[in-house]
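Below is one structure, written out as structure tokens, with a few remarks after it.
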Amino acid sequence: MTKGHVIIAGPRTYASIPEFAFENRTIREIRSDNEPADVLAQFPDRVVFVGGGPPVWAAYAPFIQHWDVTRLPYDGEADRWFDPVWLVALGNA
């Protein structure tokens, strides 16, 4: 799905991306001090996928036009939560 496109991701997600993934897509690490609009402006006319956890999703939610939310069959404790408010954040951009 991301092949040939751009992935921006927070540090922990970026560190987990396997080496082979860098061959067919542009992948950039983002930090909390990066302004989302400035980061996205670096990739005009490109499809940008946002990877990360809640802090990344909260910062980029106003710019996201389509959410692909993956649900895993998992029944244990969770350390990350997806806030449904992010799904309607586009109107706030």
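The values are calculated or read from the model by the stated rules, or taken from the named source; none is laboratory data. Worth saying up front: this structure is predicted, and the values here are computed from it rather than measured. Neighbour counts run over all protein chains shown; Cβ positions are idealised from the backbone, glycine included. Side chains included, ligands, DNA and RNA excluded: accessible areas come from the protein's heavy atoms. Shrake-Rupley method; radii C 1.70, N 1.55, O 1.52, S 1.80 Å.
Computed with a 1.4 Å probe over protein heavy atoms only, the accessible area of His5 comes to about 50 Å². Looking at Met1, Ile30, Ala61, which one has the Cα that reaches farthest to the positive end of the dipole of the chain (charges on Cβ: Lys, Arg +1; Asp, Glu -1)? So the residue we want is Met1.
Computed about the Cα centre, the dipole magnitude for the chain is approximately 200 debye when only Lys and Arg (+1) and Asp and Glu (-1) carry charge, each at its Cβ.
Mean residue ellipticity at 222 nm, helices only, the chain: -5000 deg cm²/dmol; runs of at least 4 DSSP H residues each add -39,500 (n - 2.57), and the sum is divided by the number of residues. Each residue was assigned an accessible area with a 1.4 Å probe, and for Trp57 the value is about 50 Å². Near Ile7, the amide H atoms lying under 5 Å from its own belong to Thr26, Ile27, Arg28, Phe49; only residues 5 or more places off or on other chains count, and H is placed 1.01 Å from N. For the chain, the Kirkwood radius over C-alpha pairs fed into Stokes-Einstein at 4 °C and 1.567 mPa s yields D = 91 µm² per second.
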